[in-house]
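Below is one structure, written out as structure tokens; comments come after it.
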Amino acid sequence: MKPFQYIRPTRLKDAIEAVASNPNARYIAGGTNLIDLMKRGIVSPEKLVDINGLPLKKIEKKTGFLRIGALALNSEVAQHRLVLENHPLLAQALNAGASGQLRNMATVGGNILQRTRCPYFYDPVFPCNKRKPGTGCGALEGINRTHAIFGLSENDPAQSCIAVHPSDFCVALSALDATVLVVGTKGERRIAFGDFHRLPGNSPDLDANLEKDELILAVEIPDAVFTKHVHYLKIRDRASYAFALVSVAAALDLENNRIKAARLALGGVAHKPWRLFEAEKALVGQPVSETTFQKAAELAMPSAKAFAHNAYKLKLVPNAIVQALKSAAALV
Amino acid sequence: MFNAKLPEPSLDRVDGRLKVTGTATYSAEYPLENLAHAVLVTSTIAKGRITGLDFKLAESVPGVLAVISHLNSPGVPGYPPVKQPAERAPIGTALRVFYDDFVYFSGQPVAVVVAQTLEQARHAASLAQVNYQTEKHQTDFEANVSKAAVALSVQRNKTSPFQDYDRGNPDAIKTADVKLESTYVFPTQHHQPLEPHAIIAVWETDDKLTIYDKNQGVKSAQGNLASAFKLPRENVQVNSPFIGGAFGSGIRVWPHTIAAVLAAKKVKRPVKLVLGRELMQMSVGSRPFTVQKIAIGASSDGKLTAITHEGIGQTSTYEEHLERTILATRAMYACPNVSTRYRLLNLDVNTPTWMRGPGDATGMFALESALDEMAHELKIDPLEFRIRNHADTDPERNLPWSAKTLKECYRTGAERFGWDKRTSEPRSMQANGLLVGYGMASSLYGFHRHPSKAKAVMRTDGSVVMQSATMDIGPGTGTAMTQIAAKMLGVSPNKIRFDLGDSSLPDAPGQNGSATITSVGSAVHVACEALKKKLLTLAAAMPNSPLANSRFEDITAKTGRIFPTANPSASISYADILKYHQLPQVEVTEESKPGPERDQYSMYSFGCHFVEVQVNPLTDEVRVSRVVTCADVGKIINYKTARSQSIGGIVGGIGMALMEESVMDHRFGRYINTDFAGYHIPVHADIPQIEVYYVDQPDVYVNPIGSKGLGEIAIVGVAAAVANAVFHATGKRVRQLPITVDKLV
């Protein structure tokens, strides 16, 4: 690990300036991902700006939305009364991620900004356009069992990336139409969750539409009706503490066994959380039944493309969608 | 006979408190003065030569004491001089550290950085520049399988068990009523103990070396280092009292050990080297990638008529690692016609090594899967099929078993598990919307016993010190040995101290091959017996001794006293015996070793596992929901530690079945999943209730204590039982481990 400076400002302005003024400075909060990346030589910041001294931990109900401060811990959010009452899907997704120890360290902002778990990204011996643009994508012709099937670059794939975003929390945030509140030297702005993360395109090194000096202050989740029929399904290689092969955030609003509103988003399948608008639309007005769910699931798939080792996802994804919807609707 | 609950007494782990309170000192934790830190620089290519080393940047890092490579290594005197021109190492050469410019696998140590602090050493290591001339490597098993051949060591040894083997008629398979042939693929797996390999190397003088090291055999590490550095054995001191798991990874001395010793020599300071998790997967050995083909023939009434079992294991280009892969097939079932073939495939990888249940875990996955396939084909219950083909004597050696109660294991396991509720058709059982599958498999592991010594010391206060250079990598060696000594001497366990993990203690084998209880336990038994005899003689010599004419057979020892069995009130305490004779202590060192019984009996541990899985019919996720395991390992010394060992084996077996795999990208000849996020081992949520039962009967022929090894059979067969349960649940036979979702969808 390269030697680095470390500061812990207590004023927001000082933190932003510290990062804005040094191209090799990075914010650090829980450090559950950044420290790993530093140890393995994937990133080598000269300066770490520890934001844990900033007052960004609050979870509060505002008119029309729930605001969760960027420094709220994953474990705190997952058991917070306001979250459980208003957006239980978020709590389910958070509890599906990482381990108890990690959730006690990891923050909301850090969760949203965690880097991919693509193995080619984590070993500098391998080519990786995300780590070192222009070196190629190690996974494209390599071992790509865990990789993307949606949102792939239509340009030269060798210059792009087929890694997936690893967060569970973000899949639920995507489904719930969250907004990310950020601040930088140019002031505050709000980014719709769907626009926050990027598809790889020609610059897979960038995960998010965020300026370098910008800092996440909070996520805001609009009030919603999805308090009862929600399910976060995570399919993984072991029962806990593994990244998703495929995950599904499903939320339904039901009346008389008919679907009034629906939300669906996938994890483990794209460079960003993958929202299924068409499938959602197809569910609305339909009766709760396995057939309804199957039809919706099929609508998710036309744009999917598989590689040598992840073709199973083409079958697994629609099945997982059906399973998640069944669980959300308590349909056995 | 079977013990569902722990019968008393089961001594608590004698070092349990030390371990759970963090006061047990592990290899990397010795707070030596002037300690320097070493970090390895490892190869990024799988085959080629080092053409240039640029350490200027690395050496400029503050605190760096040395950067050592083949160009400036102090040298290992046991290595031959480098030939001119240099040549690749011939088969049979352990990797020579910092010796020449050849690269044999990706992750091979090519240099070591030593610095004042770990951070400085890590940073400097990241700045070390190594240039290579790459050569085309071969790491892909399937692409190279045609090059597999009989190992050179086997070609040279006509009595090797790995010679081609034919019993009966090798062509019998062709005429079998029912015939099945399948290929089973076993991936590379790594041991992944939670404690990484670690060493502190200290040159006390120019010819005296001390190491604090994670290994499974202090005596073999001592011998290895003594010959490498041309030192008298007694000048090498190996201290390894606490080991945080090893599973075979510590049986041999790996390159990092030599690198640390060289580094300490170079900087003339104690040097600590701890492998990072990625090097735990790249620079210590693995269970080898193995492909097996089994053809099995049976009569329509369910008798095995022929089995052919071919195994091809992966090894490095410089060493041959052979393991038992195909051997179990010769002894497991009563089958008149059996043929086995074993081949090795040399690839540009690190040499594999023994990993829990070596060979048998691999081979029995294939054999027990094949048995299940045949049972299904014959429409016979898989357990009934095994009972029908039970080997009442060893069909390979034509000898009686020293003891075998496998049928009782089957019976009790089936009963406790509820095997009779199994409906035979795949996909026929469901619960809560999930598919349910029942699977079982047999387990066996050969009996190993080695000569072993133990020293027993009685002190004036009636306390006992036992010593042997044995190891505890986790099973609770000290606890079991204390119990054996306590029973023989009639002394309370809390008055006994058992020392191990120190190369200056009496000779003992390393901890491997499930041989510790049987070898060292026997030595402890005979040492304590000899001590008791000596004390009896001393007691008999005391004035008016009630033991004056007692024969050894007629005395009893209890609560630190001995007395004629017929007259318990006439007792003398050990302390009084020593006091009377004014002896500071009485000591004996005894050796116990196997005798001719090996030629008269065939000796194995046996067992069986019953597994229930639940599979989501939509998402194909498999979870093991219940396990019952039964083992026949002779006399159980300590139920608690035995049970823990069985549970550990089952956990390892579940990992083997469902998730463990070291995945290599053959374009680079390098593993891609070198951390715990990528290499999955089971977590608590993967592990269901595990019930453990033993046939607790001494095997009177194997050794004086009647106990056999348990460590390996605990894991052997588990993966097959899981795979068989998955087949029963889903109708899908997975012949390539691990059984992950992508193979079932």
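The values are calculated or read from the model by the stated rules, or taken from the named source; none is laboratory data. Note that the structure is a prediction, hence the values are computed from the model and not measured. Methodologically, a virtual Cβ is constructed for each residue, glycine included, from the backbone with ideal geometry; neighbour enumeration extends over all protein chains shown. Side chains are part of the model used for accessible areas, which takes the heavy atoms of the whole protein and leaves out ligands, DNA and RNA. Shrake-Rupley method; radii C 1.70, N 1.55, O 1.52, S 1.80 Å.
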Requested in this report: Would you give the gap between the C-alpha center of the range B:617-659 and the C-alpha center of the range B:221-248, rounded to a whole Å?
Outcome: 32 Å
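Taking the Cβ-Cβ separation of B:E181 and A:L331 as r and a Förster radius of 35 Å, what is the calculated FRET efficiency to the nearest 0.05? Present the calculation step by step, with values, prior to reporting the outcome.
Details: r = 44 Å, r/R0 = 1.25.
With a Förster radius of 35 Å, E is 0.20.
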Query raised in the report: Which residue, chosen from A:P88, A:T185, B:F610, occupies the Cα position most advanced towards the positive end of the dipole of the protein assembly as shown, where the dipole is computed from +1 (Lys, Arg) and -1 (Asp, Glu) charges on Cβ about the Cα centre?
Result: A:T185
Query raised in the report: With point charges of +1 on the Cβ of Lys and Arg and -1 on the Cβ of Asp and Glu, referenced to the Cα centre of the protein assembly as shown, which listed residue (B:C528, A:V19, B:F727) lies farthest in the positive direction of the dipole?
Result: A:V19
Query - Whole-Å distance, taken between Cα centres, linking the range B:133-189 and the range B:329-354 - result: 7 Å
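Which helices of chain B meet both criteria: a Cα extent of 20 Å or more along the helical axis and a mean Kyte-Doolittle score no lower than -0.5, with helices taken as whole DSSP H segments? Don't jump to the answer; show the numbers that get you there.
Numbers: long enough: B:360-378 (26 Å, 0.14); B:522-540 (27 Å, 0.80); B:639-658 (28 Å, 0.47).
Taking the DSSP H segments of chain B (at least 20 Å long, mean hydropathy at least -0.5), we get B:360-378, B:522-540, B:639-658.
Dipole of the range B:452-593, Cα-centred, from +1 at each Lys and Arg C-beta and -1 at each Asp and Glu C-beta, to the nearest 20 debye? Mind dumping the intermediate values first?
Values: 14 positive and 12 negative charges, 66 e Å.
So the magnitude is around 320 debye.
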Query raised in the report: What is the log10 of I(q)/I(0) for chain B, computed with the Debye formula using one identical point scatterer on each Cα and no solvent, at q = 0.07, 0.08 Å⁻¹?
Result: -0.53, -0.69
Query raised in the report: In whole percent, how big is the carbon plus sulfur part of the accessible area of the protein assembly as shown, probe 1.4 Å, protein atoms only?
Result: 50 percent
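With a cut-off of 8 Å between alpha carbons and a minimum separation of six or more residues, what is the relative contact order of the range A:229-328 in percent? The partial results should precede the final answer.
Values: 183 pairs, mean separation 27.5, N = 100.
Reported as a whole number, the value is 28 percent.
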Report task. For the protein assembly as shown, give the magnitude of the charge dipole about the Cα centre (Cβ charges: +1 Lys/Arg, -1 Asp/Glu; no others), in debye to the nearest 20. Result -> 900 debye
Query - For B:F676, distant residues with modelled amide H under 5 Å away - result: none
Query raised in the report: Counting other Cβ atoms within 10 Å, which trypsin sites (Lys or Arg not before Pro) in the range A:15-116 have at most 13 and lie in a DSSP loop?
Result: A:K58
Query raised in the report: At what distance in angstrom do the alpha carbon centres of the range A:12-40 and the range A:303-321 lie from each other?
Result: 36 Å
**Report entry** Heavy-atom surface of chain B, accessible at 1.4 Å and reported per residue (Å²)
**Finding:** 37 Å²
Query raised in the report: In percent, what relative contact order does the range B:422-503 have, based on Cα pairs under 8 Å that are 6 or more apart in sequence?
Result: 23 percent
Query raised in the report: If the limit is 18 Å between Cα atoms, which of B:K533/B:K558; A:K295/A:K326; B:K208/B:K268; A:K61/A:K186; B:K174/B:K379; B:K179/B:K379 go over it?
Result: A:K61/A:K186; B:K174/B:K379
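In debye, nearest 20: dipole of the range A:229-328 around its Cα centre with unit charges on the Cβ of K, R (+) and D, E (-)?
Numbers: 14 positive and 7 negative charges, 51 e Å.
That gives the range A:229-328 a dipole magnitude of about 240 debye.
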Report task. Among B:T556, B:P31, B:G706, flag the residue with its Cα farthest along the positive direction of the charge dipole of the protein assembly as shown, charges on Cβ as +1 for Lys/Arg and -1 for Asp/Glu. Result -> B:P31
